[in-house]
Amino acid sequence: MPVLEGTARALLRKVAVAQAEGRIPSLAAAVVRDGETVWFGARGAVDGRPPSQDTQYRLGSITKSLVAVMVMRLRDEGRIRLLDPIGEHVPGTPVGQVTIAQLLSHTAGLTAEPPGAWWERTPGAPADDLIAGLGPETARHRPGRLYHYSNLGFGLLGELVAVRRGMDWADAVRKEILQPLGMSATTTRPRPPHATGYAVHPWADVLLPEPEHDAGGMAAAGQMWSTPADLARWAAFLCGDTAGVLDPDTLAEMREPAAVEDGDSWVRGYGLGLQLMRHGGRRLAGHTGSMPGFLAAVWADPADRTAALFVANTTSGMRPGLLTDLLDVMAEHEPRLPQEWTPGPADPRLLELTGLWYWGPAPHVLRLLPGGWLSLSPAGGTGRASRFRPCDDGTWQGLDGYYAGETLRVHRLPDGSPGHLDLNTFVFTRRPYDPDAPVPGGVDPAGWR
């Protein structure tokens with residue numbers, strides 16, 4: 001449902017200030033909650049009219065996230081592995097040893113830009129010519145050493161998709177991502193109605209049209225055009241409404257931090273094709289985009305299922321923080337109510353697992369969660385805590401924290417009651433160092449004294 005009138009006014013003011021102070025020819029923004037656009041606002045004009053939800057703008061590097069989803073689909077199908085060297089799939093590069101995961105997370109150490117003229121303002125060469133023109137200078141840092149944003153790396157990933165799908169990367173994205181998500185207005189070249197990209201003079205209120213070309217082999221780094229309506233559907237995808245395009249667990253994997261962008265502060269980072277940000281206690285995932293004449297961004301809060309986005313036709317001038325401001329307005333004016341608690345059925349064999357367990361002398365609490373999930377956490381509130389999801393073989397797999405990916409097993413006594421827990425060699429018992437349980441190293445027979 002749409003936001004309240006007071007919320008809409010507060011959101012529009014944020015956009016209006018950003019457009020006026022940034023001297024932006026046109027700016028459109030939206031807020032998405034629970035998969036629906038609950039607010040849209042725009043300022044400025046495109047061909048003499050306010051931009052609508054169907055007006056196209058260039059997305060720039062948001063394109064990278066679409067390509068990354070294609071790469072992850074190939075991984076889930078078993079056609080590639082993230083640890084594969086790119087040279088196994090795209091031969092002929094001087095950096096064939098870097099892995100697909102490193103390219104996705106900008107930790108491959110590649111140069112930021114391809115050789116030749118500035119690719120964003122000049123017609124692009126085909127992928128074969130791009131790869132043939134790479135030399136020793138393509139590698140700038142040791143692979144895996146640090147985060148170094150590389151447009152070139154996503155040019156190579158676009159070619160990877162083309163090789164493994166047997167079609168242009170953009171055709172694969174359209175068929176496997178855009179069409180299932182209903183993003184029919186997202187294209188590689190502009191279609192009417194679309195905004196013209198402009199540079200705004202720094203010292204006068206005049207405009208200069210920016211060039212727009214097919215980027216060729218670099219298109220996977222920033223070629224796509226889209227509308228606020230389509231970008232809202234993409235925002236819903238990032239919040240978890242994947243519509244079968246990607247396994248939710250794979251999307252969660254893409255949102256995991258693979259690199260920190262800003263050192264010790266860890267406010268910004270990068271996952272697998274997704275930028276990450278921490279703001280106001282929230283963990284956001286999305287991507288920004290810029291091309292000559294255009295700026296765009298989408299940030300999603302999957303925990304709250306709320307996202308914000310904007311598109312603008314200016315080379316520079318956008319005030320930082322517009323989207324986090326919009327999310328802050330939503331949090332202040334229309335905070336989500338917690339889900340109403342209701343009791344639910346519980347399997348008696350799971351219910352008897354709950355309560356205190358001891359890792360050595362340290363008490364832990366095992367709680368039963370909906371769906372047969374378990375939560376194990378220190379009774380004192382600090383230390384190693386994880387949630388566990390049930391598996392078909394009667395075990396549980398750790399989802400987060402120290403025990404992520406590890407297996408939890410329940411060992412039962414002859415009478416069927418739970419005797420001890422085995423968590424990746426750690427034994428949890430009902431009593432501290434229970435002598436009747438197989439505690440590693442044994443228990444002193446004289447007992448406590």
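No value in this document is a laboratory result; all are computed from the given coordinates. Since we're looking at a predicted model, the values are computed, not measured. With ideal geometry, Cβ positions are generated from the backbone for all residues, glycine too; neighbour counts draw on all protein chains shown.
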Practice prompt. Before anything else, pin down the relative contact order of the range 326-449: Cα pairs under 8 Å, at least 6 apart, normalised by residue count, whole percent.
Written response: 16 percent
Fill in: the range 75-148: chymotrypsin sites (Phe, Trp or Tyr not before Pro) in DSSP loop, at most 12 other beta carbons within 10 Å
W118
Practice prompt. Quick one, can you get me the convex hull of the C-alpha atoms of the range 348-429 expressed as volume per residue in Å³?
Written response: 94 Å³
Worksheet entry | Length gained when the stretch R409-D422 is fully extended (0.36 nm per residue, less Cα-Cα span) | 4.2 nm
Discussion item. Let's test the formula: R0 of 25 Å, r as the Cβ-Cβ distance of R319 and W266. What FRET efficiency results, to the nearest 0.05?
Written reply: 0.60
Response to the item:
Expressed in µm² per second, the diffusion coefficient of the range 291-333 from the Stokes-Einstein equation, with Rh the Kirkwood radius over alpha carbon pairs, at 25 °C and 0.890 mPa s, is 218 µm²/s
Worksheet item: Mind checking the dipole of the range 348-429: about its Cα centre, +1 per Lys or Arg Cβ, -1 per Asp or Glu Cβ, Debye to the nearest 20?
Response: 160 debye
Practice prompt. Identify, among F40, Q223, T93, the residue whose Cα sits farthest towards the positive end of the charge dipole of the range 5-333, taking +1 on the Cβ of Lys and Arg and -1 on the Cβ of Asp and Glu, with the dipole about the Cα centre.
Written response: F40
Response to the item:
The exposure ranking of H194, H279, fewest beta-carbon neighbours within 10 Å first, is H279, H194
Worksheet item: So what's the gap between the Cα centers of the range 409-433 and the range 277-344, to the nearest angstrom?
Response: 44 Å
Practice prompt. Write down the radius of gyration of the range 188-265 and its Dmax, each obtained from C-alpha positions, in Å.
Written response: 17.9, 50
Practice prompt. Could you list the GluC sites (Glu not before Pro) in the range 31-122 that lie in coil according to DSSP, counting only those with at most 10 other Cβ atoms within 10 Å of their Cβ?
Written response: E77
Fill in: Cβ-derived FRET efficiency at R0 60 Å, D444 paired with V163, nearest 0.05
0.45
Worksheet entry | the range 5-333: translational diffusion in µm²/s, Stokes-Einstein, Kirkwood Rh over Cα pairs, 4 °C, 1.567 mPa s | 65 µm²/s
Worksheet, complete the sentence: Under 13 Å by backbone N from the virtual spin label 7 Å along Cα-to-Cβ at D247, the residues of the range 32-73 are 72-73
Worksheet entry | Loop-resident sites, the range 275-381, for chymotrypsin sites (Phe, Trp or Tyr not before Pro), counting at most 11 other Cβ within 10 Å (DSSP) | W341
Practice prompt. Note down, for the range 248-393, the three equivalent ellipsoid semi-axes (square root of 5 times each alpha carbon gyration tensor eigenvalue), biggest first, whole angstrom.
Written response: 39, 18, 15
Worksheet entry | Inter-centroid distance (Cα atoms) of the range 60-122 relative to the range 360-408, Å | 36 Å
Response to the item:
Quick calc, D205 & D347: beta-carbon distance into FRET formula, R0 60 Å, rounding 0.05, result 0.30
